[in-house]
1. State which residue is surrounded by the most Cβ atoms within 10 Å (Cβ to Cβ) when the search covers only the range 419-461 and only residues that are within 25 Å of the chain's Cα centre (by Cα) and β-branched (Val, Ile, Thr).
2. For the range 438-476, what are the residues that are under 30 Å from Asp402 (Cβ atoms) and among the charged types (D, E, K, R)?
3. With the condition kept exactly as written, say whether any residue in the range 330-353 is surrounded by fewer than 17 Cβ atoms within 10 Å (Cβ to Cβ), under 16 Å from the mean Cα position of the chain (by Cα), within 30 Å of Ala34 (Cα to Cα) and not charged (D, E, K, R).
4. In the range 124-134, how many are open to solvent by 30 Å² or more (accessible area, probe 1.4 Å) and either outside any loop (DSSP other than H, G, I, E, B) or touching a Pro at 6+ places or on another chain (Cβ under 8 Å) (or both)?
5. How many residues are under 14 Å from Asp320 (Cβ atoms) and either open to solvent by 30 Å² or more (accessible area, probe 1.4 Å) or not polar (S, T, N, Q) (or both) when one looks only at the range 36-64?
6. Which of the residues belonging to the range 507-547 are open to solvent by 40 Å² or more (accessible area, probe 1.4 Å), of a type in the set (Gly, Ala, Ser) and at pLDDT below 95?
Amino acid sequence: MPYSSLRDCVTDLEQSGRLVIIKDPVEPRLEMAAIQRRVNSSGGPALYFAQVKGSPFPAVSNLYGTLERMQFIFRHSLEAVQKVVALKGDPTLLLQRPIRYVPTVFTAFRAFPKRARFHIPVAHSTTDLSKLPQIVSWVGDGGAFITLPQVITLPPGIRQLMQANLGMYRIQISGNEYEVDKEAGMHYQIHRGIGVHHAMYNERDEPFRVSIFVGGPPAHTLAAIMPLPEGLSELTFAGMLGGRRFRYTWRNGYVLSADADFCITGTIMRDVKKPEGPFGDHLGYYSLKHDFPVLKVDTVYHRKDPIWHFTVVGRPPQEDSSFGHLIHEIAGPLLPKEFPGIREVNAVDASGVHPLLLAIGSERYMPFRDRRPEEILTQANHLLGKGQTSLAKYLLIAAGGDDPQLTTKDIPAFLHFILSRFDPTRDLHFQTKTTIDTLDYSGTGLNEGSKLVIAVCGAPKRILSHELPQLNYPSLVKDVVVVAPGILALSGPTHQDDTTTQNEVAQLESSIDQNLLRGFPLIILVDDARFVAASFNNFLWVTFTRS
């Protein structure tokens, strides 16, 4: 049976041995997050905190901590949703296999949002922001944050819910300069639908109303982060995945999710920004304090028996890593239609997702001459020009025809394939002075930086070495370690400023015999080469996340 509330899901997980109840009072500052991280890293159960100090409301986390648990939660609807998505990608499937796909049409129609007129659980009572669990995950965080919000906005003058944007953005509910109980920080990043709506409201006198839902049926949370194809509403997806229509109502000009546990309503203050952050983010670093829009809070609604739903982000893997696995299960069939010629993509979780994107494309432009990167460059530009893949900083793309068995899932093997083939005089393609992920601080400013495409095609050009080369390193090199065949890590001085670093790199280049390094096409200068080489995930995180 579909869950009608978050509590239904919690009860189901407890009865099936997939959730543990913590009955002792727990401190929301650092302690709850520490427990969550420890349990998640060991593949443990979902956690129900019965007593959160300073708040009358219990909390739940690690709900999506494993792919197995997510599949259990959505066991009644996942297959039907996969069929809908497959049909969206290839409508001819309906004609080819009507018995299999005709019921899918009705699944989609039954999922349209439904206005609730009488039974509105979320409107049972009201509370204050300061009474919500004030969860602080990392010692340097600027305050308490909502980490699993469902934020809904509509264009000016529109009340048709199918035109709404449901997204997940960072919401700071205490700390910094925010007025207690009356203001919240709205951190939304580049390439987010709420930003488009905000721009529209800046041209109108109409107040920019925002509703923030927390909890509710688990499908609602996943819908807020799902990268959906054009024409498929997040609310419809929530209904399909949850096996139950998204129920909503209107209250004082705001949309309320009838089945949410909490709903915060308010308006984005015009021409007002305040410092938001810092926040220990999913890249494994702090995103720093910056001015962002401010929500003037109107009302905080909650149901009779609410549960505060939260997660903890940090260096991957964390609970949100499971989102990516399920998203791939659901959205995988859409890839050929969204990106023609692309066989496979992998936004690498160990690097923080957006910093490193691996792809396998097709090279068919000039089959009558020596193979070289041509069509895959077009495909790379397509990936960097659309949706969430546009946030990639490093894009490594290979022509699949060179090895039909090549897969991006085996990351060491894929990098071996790339490094043994790439020609640095031909295959490095930089995009400078462009937009990058808001959470990435490796660029020249907020949302400002560069990208690099490495596109390879053709036969191998070198044999990758796995033996440490005996070279005369300059004094600035403290340690040298082979990370993997073809990859060398050098421990160097801590970065001080760009000019100093450029001088140090020039000194390094001039002192090493380039002929002895033919087997190492990738050399990285790092603070601690031993840490980098300790695991392949360490290498991926250090090399690609903030370089």
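1. Here the answer is Ile436.
2. Lys451, Lys461, Arg462, Glu467
3. The answer is no; no qualifying residue exists.
4. Of the residues in that region, 5 qualify.
5. Residues meeting the conditions: 4.
6. Of everything in the range 507-547, those that are open to solvent by 40 Å² or more (accessible area, probe 1.4 Å), of a type in the set (Gly, Ala, Ser) and at pLDDT below 95 turn out to be Ser510, Ser511, Ser547.
For (1) of a type in the set (A, V, I, L, M); (2) farther than 25 Å from Arg69 by Cβ, each residue gets a yes or a no:
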| residue | (1), (2) |
| --- | --- |
| Val313 | yes, no |
| Gln318 | no, no |
| Lys337 | no, yes |
| Ala347 | yes, no |
| Pro355 | no, yes |
| Ile360 | yes, yes |
| Tyr365 | no, yes |
| Glu375 | no, yes |
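Residue-by-condition table, conditions (1) part of a strand (DSSP E or B); (2) β-branched (Val, Ile, Thr); (3) closer than 23 Å to Phe430 by Cβ; (4) at pLDDT 85 or above:
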site	(1), (2), (3), (4)
Thr311	no, yes, no, yes
Pro316	no, no, no, yes
His325	no, no, no, no
Glu329	no, no, no, no
Leu357	yes, no, yes, yes
Tyr365	no, no, yes, no
Pro373	no, no, yes, no
Ile376	no, yes, yes, yes
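The values are calculated or read from the model by the stated rules, or taken from the named source; none is laboratory data. Remember, it's a predicted structure, so these values are computed and weren't measured experimentally. As a convention, Cβ positions derive from the backbone with ideal geometry for all residues, glycine included, and neighbour counts pool all protein chains shown. The accessibility values were calculated without ligands, DNA or RNA, using every heavy atom of the protein model including side chains. Shrake-Rupley method; radii C 1.70, N 1.55, O 1.52, S 1.80 Å.
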